Amino acid sequence: MHQYATRFFGFAYKLLVNWGVNDTLASYVAVSFNIVLLGFLSYWIFRIFRYTLVRALVVVARYSSTRFDDLLVSNKTAKYVAHLIPLLFIYRMMPIILARFDYWENLFGKLVSIYIILLVLWITRTIFNALRDYLKFKPAYADKPIDSYIQVVMIVLWTFGVTAIIVLLFGISLNVFFGMIGAISAIILLIFRDTILGFVASIQVSVNDMVRIGDWITMDKFGADGDVIEINLATVKVRNFDNTTTTIPTYSLISDSFRNWRGMQSSAGRRIKRHILLKAGSIRFLSDAEIDNLRKIQLIAPYIDQRQADIRKYNTSHQIDKSLLINGRNMTNFGLFRKYITQYLNQYPGLNRDMHLMCRQLQPTPNGIPLEIYCFSSDKRWESYEYIMADIFDHIYASVGYFGLELYEVATQRVD
């Protein structure tokens, strides 16, 4: 093939020499003509291969059952490959056309080589982008940081590509080049600090399974409270529940604390942990008349009967003077209210009774005595969770008065 190309592109020079044109002028006229001819041929090679490759890939994608070839079409991989073929043709023909012009042959050869390296990297990038989009549709990879892996591979490839370009431009050996890199490594580390930190953090996040795409995370430092939609080498994107987007540096997931709600979403229930404040002065012993009245509440009627029988038996056996309620054993409105709330939670249909469920009294505060509800909603969806929690506390607020208790509220002064 080299002989045929030499004859083809050498025809103009021989023809001019045979016509009596001097050697120098014939060389310049012939090389100008050959460059135009090379450009013309390269253009039609590009047109032919672009049409052929693009149409062939479209046909294959149309009749293929896999989605990967469709993604290659959408990422225009065949189009960029069609650019590569005429470039390789130019690279092979350039030494023949510029055989008498060593300087220009060397210069244009380097330029074409650099263009080929960059184009190969770009074609590789389109293939990896298609692979990324393909894997995101696979359930096994839907929550994996595919972007981070691809970015790491592309950084390595770009590093080799830039190294090849520098070696090609300056004509230096690899040993000399890497010696120069070692000398300026401190500067390189400073320039690529965020990339290096992000790379290390991305590996740790992936290996330790700290964050997946689709996880609900909360990170107060960056105002993030929503679902992870993208994990890159340098950043993690979170779509907050108000539809804003927060970008978090990947290495911050390693250096700072954040909350991942994946455990709650994969568990059997979502925790409800909230308290009300009751006035300490409203807590008292219950008289027999009040107990008889509270016995009408069906949820605690059996408990009252059993509890009162036990109390009477104890007080009688110990000859307790019941002229004062404080003597002996007694029931309080607060204790009975706690029992009522516990019974109410046990029969509430929206709670998971296989998990912790209790109504407990907390340390008294200057604002009253906290009564905390601790249980788990069986429906973990946000709307349902909020409805269940509100429904429970609506009932609790309305029930307080039946037991002679009072909710704590900050007193306000009326301004006339």
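Probe radius 1.4 Å, ligands and nucleic acids ignored: give me the carbon and sulfur share of the accessible area of the stretch 230-381 as a rounded percent. Numbers along the way, then the final one.
Values: 4120 of 8600 Å².
The nonpolar share, carbon plus sulfur, comes to 48 percent.
Given a Förster distance of 41 Å, report the FRET efficiency between Ser317 and Gln363 from their Cβ-Cβ distance, rounded to the nearest 0.05. Before the final figure, lay out the partial values.
Values: r = 35 Å, r/R0 = 0.84.
With a Förster radius of 41 Å, E is 0.75.
What is the spin-label model distance, in nm, from Val207 to Ile254 if the labels are put 7 Å beyond Cα along the C-beta direction?
With each label placed 7 Å out from Cα toward Cβ, I get 0.9 nm.
Given R₀ = 56 Å, FRET efficiency for Arg329-Val58 by Cβ-Cβ distance, to 0.05?
On the way: r = 87 Å, r/R0 = 1.55.
Between Arg329 and Val58 the formula returns 0.05.
Modelled label-to-label distance, Thr66 and Phe222, 7 Å Cα→beta-carbon offset: nm?
The modelled label-to-label distance comes out at 3.5 nm.
Residue by residue, what Karplus-based ³J(HN,Hα) values in Hz, rounded to whole numbers, does the stretch 282-296 have, using 6.51, -1.76 and 1.60 with θ = phi - 60° and x for Gly and Pro?
8, 8, 7, 6, 9, 7, 4, 5, 5, 5, 4, 5, 6, 5, 6
Leaving out same-chain residues fewer than 8 places away, which aspartates and glutamates sit with a Cα under 18 Å from that of Lys221?
Within the straight-line limit of under 18 Å, Lys221 reaches these aspartates and glutamates: Asp242, Asp256.
Once you have the Kirkwood Rh of the stretch 265-319 from its Cα pairs, apply Stokes-Einstein at 25 °C and 0.890 mPa s and quote D in µm²/s.
On the way: Rh = 14.8 Å.
For these conditions, the coefficient is 166 µm²/s.
Send over the per residue convex hull volume for the stretch 335-399, Cα only, as a whole number of Å³. Intermediate values should be presented prior to the final figure.
Numbers: hull volume 6.4 nm³, N = 65.
Cα-based convex hull of the stretch 335-399, divided per residue, equals 98 Å³.
Any chance you could look up the accessible area of Leu157 with a 1.4 Å probe, heavy atoms only, rounded to 10 Å²?
Ignoring ligands and nucleic acids, Leu157 comes out at about 60 Å².
Set the bar at 22 Å for Cα to Cα. Now go through Lys76/Lys136; Lys339/Lys380; Lys296/Lys339; Lys138/Lys380; Lys273/Lys380; Lys273/Lys339 and name every pair that lies beyond it. Spell out each step's value before the answer.
On the way: Lys76/Lys136 19 Å; Lys339/Lys380 26 Å; Lys296/Lys339 15 Å; Lys138/Lys380 25 Å; Lys273/Lys380 14 Å; Lys273/Lys339 17 Å.
Table pairs above 22 Å Cα-Cα are Lys339/Lys380; Lys138/Lys380.
Once the whole set of protein chains is in place, how much accessible area is left on Trp44, using a 1.4 Å probe, in Å² to the nearest 10?
The accessible area of Trp44 comes to roughly 120 Å².
With N residues in the stretch 280-416, what two-decimal value do you get for its Cα radius of gyration over 2.2 N^0.38 Å? It would help to have the intermediate numbers written out before the result.
Working: Rg = 17.8 Å, N = 137, 2.2 N^0.38 = 14.3 Å.
After normalising by residue count via 2.2 N^0.38 Å, the value is 1.25.
Work out how much length Ala301 to Tyr387 would gain on full extension: take 0.36 nm times their residue separation and subtract the Cα-Cα distance, in nm to one decimal.
Net length gain for the segment: 28.1 nm.
Run the 1.4 Å probe and let me know the accessible area of Tyr80, rounded to the nearest 10 Å².
Result for Tyr80: roughly 60 Å² accessible.
With a 1.4 Å probe and all protein chains left in place, how much accessible area per residue does the stretch 316-416 have, in Å²?
Numbers: 6340 Å² over 101 residues.
Normalised by residue count, the accessible surface of the stretch 316-416 is 63 Å².
The values are calculated or read from the model by the stated rules, or taken from the named source; none is laboratory data. These figures come from a predicted structure and were not determined experimentally. When we count neighbours, we look across all protein chains shown, and the Cβ atoms used for this are built from the backbone with ideal geometry, even at glycine. SASA here: full protein model, heavy atoms, side chains in, ligands and nucleic acids out. Shrake-Rupley method; radii C 1.70, N 1.55, O 1.52, S 1.80 Å.
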